[in-house]
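The values are calculated or read from the model by the stated rules, or taken from the named source; none is laboratory data. All values derive from a computational prediction rather than experimental measurement. Using ideal geometry, Cβ is built from the backbone for each residue, glycine included, and neighbour counts are taken over all protein chains shown. SASA here: full protein model, heavy atoms, side chains in, ligands and nucleic acids out. Shrake-Rupley method; radii C 1.70, N 1.55, O 1.52, S 1.80 Å.
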Amino acid sequence: MRAGSLMLLSAASGVAALIYEIVWFQLLELVVGSTAVALGVLLTMFMGGMCLGSLLFPRLVSTRRDPLKVYATMEAGIGALGIVVLLLVPMAGSVHTFWSGHGVLGFLLRGAVAAVCLLPPTLLMGATLPALARTIKAAPSDVSRVGVLYAANIAGAVFGCLLSGFYLLRVYDTSTATYVGAGINFAIAALAGALAGTKASRQEQPEITGDDRSTATGNRSVYIAIAFSGLCALGAETIWTRILGLLFGASVYTFSVILAVFLTGLGMGSGLGSLFLKTVIRPRLALGWCQLLAAGAMTWAAYTMTASLPYWPINPSISSNIWFNFELDLARALWAILPATVLWGASFPLALGAIATGGQDVAASVSKIYSANTLGAIVGAIGSSVLLVAWIGSQRTEQVLIGLSAIVGLFLVLPAARVRWPVAALGLLLTGLCIQTVPLMERVLIAHGRFAASWVGKSDIIYAKEGMNASVAVSKFASGALTFHVAGKIQASDVPRDLRLQRMLGHLTTLTVEHPRSVLVIGCGAGVTAGAVSIDPQVERETIVEIEALVPEAAAKFFHKTNFDVLATPKVQVLIDDGRHFLLTTKEQFDAITIDPLDPWAKGAASLYTKEFLEVIKQHLNTGGTVTMYIQLFENTEEAVKSTLATFFDVFPNGTIWGNPYQGKGHDMVLLGQVEPLRIDLDGLERRVDYRGDSLMSQSLTEVGMNSPVDLFATYAGRKGDLSEWLAGAAINQDRNLRMQYLAGMGLNEDDSVAIYGGMLAYRRFPEDLFVSAEGRVNSLRDAIRRGP
């Protein structure tokens, strides 16, 4: 069989596999949550299924069967199961209806859901490479062709990653992407079936259906080495994705760029390793040198990403064309991580060549190397993301990985050295130097992320830590102002415009409910919104759900005066969990719910704004209950804002918009929704806030320039009836498309807030049926709205 046909099959299979991987992770995040633990479970199930499939194939499938017929059947099965997963995952969410729970039990439930959904198709995916390997002669001189097939598969994966992240999911949705992936699988199956049965479609393989025990004991060192290669690769990828996510901005497009670069390096390395294998005499020794050089390449990546790239003289917002930023991000990612990924990619064919024998089933050799590499990758990914980064930080974790890679390399290289002890001593000395070269995560990068270079020296970063799910920092300026940073972005502060928004969000949540006894706050931030909720005397119980444990820690330490020491208030309970998953699993009802997530372009944020989740919120509101949501207009697009509003009004047709303009122009705003039509008694709120007394609520509002109910509700910016024309054609943000994050991600460098807000206000009409007052406050409010901010 021509090598080109096999490479085409392998590449196309890689395209489909990455489409599925990205789609499945997006679907399953909605069900199991977006915490590092939940994502670790998903990754384990995905990679674990592929590992198990690779191990089982040579044991269950006889070498006498035509490998391309088997391969065609598996590819067709993957396509069919891909469609089944698309249908099954949304149904899996209904398990929460019958069982709710958090902590360990909730974690186990998430793992079970992920396993049921992912295991069948990933088993088949893992078996595809061993199946193709059986088309290759069972001879050491030909085993390099397996590495070429592996390289072709990874090249296809790169294309699949970019195709799904930048086109299929941005323009269409998970259904369309899945159907494209399934169509590719079915086309592969048809082509492989057509090629099956030819004389060249299979090579002479020994009949081995069980475990091949002819492998020499010395090959264990190869399995150990390739396992640690996978461990270091995925462990480093986890850390580098976090760091580059800070540096580039953690949008869905950023993660596609990083993954594409990582896969590109692996594919290039596998191809080069396969070519090298044809001439190298001692592949075991070459494998050892790859691990030693990878230790140096990891040092390069760690130093470059932490001590160099954040200080490149770059201001991403100079160009409003986001595609120029993608080009810049691609170049920086290649500069930092390509060397290490090439070496890890080369390790696979070299390991395969090191164990190849003429009497062994090629599929058995491939499955053992692939499985060892994948098992190591699982340990590396989970160990880094769930344990090491939160425990010892990125710097120490990278140092551990560098040390492991160097030790494994020396383990393979030293037996071939004529003078072992001097070589060992020199190797350990160089390893020590590499470890010492890894710098600490720069505080300015943790705080300011993609704008780190332009913020150097402008503030004193008084707190900076890496958490399991996000990095958190607090900055203090010369003026005394404090800013709160999450994931490399200012999320809250005590400066007037931010404080005004946060207080508005909290007070609108409770003041528009007659008896707000129980309130849910999703997203703690600096705690200012939660604090505004807590000081309402009618609130008896407040639940704060925050995904990162460091957030309430920093908020309590540095913002306790601004947030009324909310985190030490007895009626307040803090839960560390994914907000969406919490509301899906709890049976508790609330009088009010407020949501303040990360920026709309941040990966995962859109899941809190989908139509399906808003319906869940509605189901958890008591009669007369209210929901409020924060919406930013800067670093956003008009299409994304329209999508958010249209989705909200689709679920809460009585919803209203309340603006927080800055210097008289648009900046951000609050959405407020109720099932029942909203009626606001301005006179009653005057008495409830007790502006003439010394209540904490009056203090909170007057501090941000709202000295009466008229000042608070003069922020009215419109409702569904006003904006029907403006919202015509807006895309609904749904679980199956998460449209908002793809639309907003294109506006990362834009600030069209003035134009967006002005366009909305052009349709605003005074809501005659919304406010009541026996003391003339409605007329005062009408005048205040007419005057504008």
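Every listed requirement among (1) open to solvent by 10 Å² or more (accessible area, probe 1.4 Å); (2) at pLDDT 95 or above is met by T397 save one, (1). Looking across the stretch 32-53, the residues that are in a helix (DSSP H, G or I) and either open to solvent by 10 Å² or more (accessible area, probe 1.4 Å) or under 21 Å from V261 (Cβ atoms) (or both) come down to A36, V37, L39, V41, L43, T44, M45, F46, M47, G48, M50, L52.
Filtered by the rule that a residue be under 19 Å from the mean Cα position of the chain (by Cα) and either open to solvent by 60 Å² or more (accessible area, probe 1.4 Å) or β-branched (V, I, T) (or both), the stretch 432-464 gives a lone residue, I446.
Mind listing just one residue for me: the one in the stretch 400-420 that is small (G, A, S) and surrounded by fewer than 17 Cβ atoms within 10 Å (Cβ to Cβ) and, of those, modelled with the lowest pLDDT? Looking at the filtered set, the residue picked out is A417. Summed over the stretch 130-152, residues that are modelled with pLDDT of 80 or more and either within 28 Å of the chain's Cα centre (by Cα) or of a type in the set (D, E) (or both) total 3.
Step by step: first the residues of the stretch 465-476, then only those that are open to solvent by 10 Å² or more (accessible area, probe 1.4 Å) and aliphatic (A, V, I, L, M), then the one that is modelled with the highest pLDDT. Which residue is that? So, considering only residues that are open to solvent by 10 Å² or more (accessible area, probe 1.4 Å) and aliphatic (A, V, I, L, M), the one modelled with the highest pLDDT is A470.
Condition check ((1) on the phi < 0 side of the Ramachandran plot; (2) in contact with a His (Cβ under 7 Å, 6 or more places away or on another chain); (3) without any contact (Cβ under 8 Å) to a residue 60 or more places away in the chain) across all residues:
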| site | (1), (2), (3) |
| --- | --- |
| A646 | yes, no, no |
| G664 | no, no, no |
| G684 | yes, no, yes |
| Q699 | yes, no, yes |
| E703 | yes, no, no |
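When the stretch 54-80 is examined, which residues are found to be over 17 Å from A189 (Cβ atoms) and surrounded by 18 or more Cβ atoms within 10 Å (Cβ to Cβ)? Once the filter is applied, which keeps residues that are over 17 Å from A189 (Cβ atoms) and surrounded by 18 or more Cβ atoms within 10 Å (Cβ to Cβ), the stretch 54-80 yields S54, L55, P58, T63. On the basis of being in contact (Cβ under 8 Å) with a residue 24 or more places away in the chain and under 30 Å from R64 (Cα atoms), does R145 make the cut? Spelling it out, R145 is indeed in contact (Cβ under 8 Å) with a residue 24 or more places away in the chain and under 30 Å from R64 (Cα atoms).
Considering the stretch 323-380, and only residues there that are aromatic (F, W, Y) and in contact (Cβ under 8 Å) with a residue 12 or more places away in the chain, the residue that is farthest from L309 (Cα to Cα) turns out to be Y370. When the stretch 488-516 is filtered for residues that are basic (K, R) and more than 23 Å from F713 (Cβ to Cβ), only K489 remains. Screening L287 against (1) farther than 22 Å from L334 by Cα; (2) part of a helix (DSSP H, G or I); (3) without any contact (Cβ under 8 Å) to a residue 40 or more places away in the chain leaves a single unmet condition, (3).
The residues of the stretch 522-541 that are within 30 Å of the chain's Cα centre (by Cα) and assigned to a loop (DSSP other than H, G, I, E, B), listed by number, are G523, C524, G525, A526, G527. When the residues of the stretch 561-602 are narrowed to those that are within 20 Å of the chain's Cα centre (by Cα) and under 20 Å from L511 (Cα atoms), which ends up most open to solvent (accessible area, probe 1.4 Å)? Filtering the stretch 561-602 for residues that are within 20 Å of the chain's Cα centre (by Cα) and under 20 Å from L511 (Cα atoms), the one most open to solvent (accessible area, probe 1.4 Å) comes out as D596. Residue pairs whose Cβ atoms lie under 6 Å apart, separated by 6 or more positions or on different chains, with the first residue in the stretch 293-310 and closer than 13 Å to S394 by Cα and assigned to a helix (DSSP H, G or I) and the second open to solvent by 10 Å² or more (accessible area, probe 1.4 Å) and of a type in the set (A, V, I, L, M, F, W, C), are T299/C434; T306/M441.
Rundown of residues vs (1) of a type in the set (A, V, I, L, M, F, W, C); (2) at pLDDT 95 or above; (3) on the phi < 0 side of the Ramachandran plot, yes/no style:
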site	(1), (2), (3)
V545	yes, yes, yes
A549	yes, no, yes
H560	no, yes, yes
F564	yes, yes, no
A568	yes, yes, yes
K571	no, yes, yes
D578	no, no, yes
L583	yes, no, yes
I593	yes, yes, yes
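The condition (being of a type in the set (A, V, I, L, M), part of a helix (DSSP H, G or I) and within 20 Å of P415 (Cβ to Cβ)) is satisfied by just one residue among L338, L350, L328, L343: L350.
Yes or no, residue by residue, for (1) β-branched (V, I, T); (2) surrounded by fewer than 17 Cβ atoms within 10 Å (Cβ to Cβ):
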| site | (1), (2) |
| --- | --- |
| V670 | yes, no |
| L685 | no, no |
| T715 | yes, no |
| K720 | no, no |
| S724 | no, yes |
| Q741 | no, no |
| D752 | no, no |
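What single numbered condition from (1) at pLDDT 95 or above; (2) open to solvent by less than 40 Å² (accessible area, probe 1.4 Å); (3) out of contact with any Asp or Glu (no Cβ under 6 Å at 6 or more places or on another chain) fails to hold for A302? The single condition A302 does not satisfy is (3). Within the stretch 82-90, is there a residue that is open to solvent by less than 50 Å² (accessible area, probe 1.4 Å), at pLDDT below 75, within 28 Å of F582 (Cα to Cα) and in contact with a Leu (Cβ under 7 Å, 6 or more places away or on another chain)? No, the conditions are met nowhere in the stretch 82-90. When K642 is tested against the conditions (1) under 15 Å from A730 (Cβ atoms); (2) touching a Phe, Trp or Tyr at 6+ places or on another chain (Cβ under 8 Å); (3) crowded, with 23+ Cβ neighbours inside 10 Å, the lone failure is (3). A single entry from G296, G273 fulfils the requirement of being more than 23 Å from the chain's Cα centre (by Cα) and at pLDDT below 95: G273.
The residues of the stretch 721-748 that are touching a Phe, Trp or Tyr at 6+ places or on another chain (Cβ under 6 Å) and either farther than 30 Å from V31 by Cα or not in a helix (DSSP H, G or I) (or both), listed by number, are D722, L723, W726, N733, L748.
Given the condition more than 35 Å from the chain's Cα centre (by Cα), assigned to a helix (DSSP H, G or I) and of a type in the set (V, I, T), answer yes or no: does some residue in the stretch 681-692 qualify? Yes, the stretch 681-692 has at least one match.
Only one entry in V379, V423 is among the aliphatic types (A, V, I, L, M), modelled with pLDDT under 90, over 30 Å from T135 (Cβ atoms) and open to solvent by 30 Å² or more (accessible area, probe 1.4 Å), namely V423.
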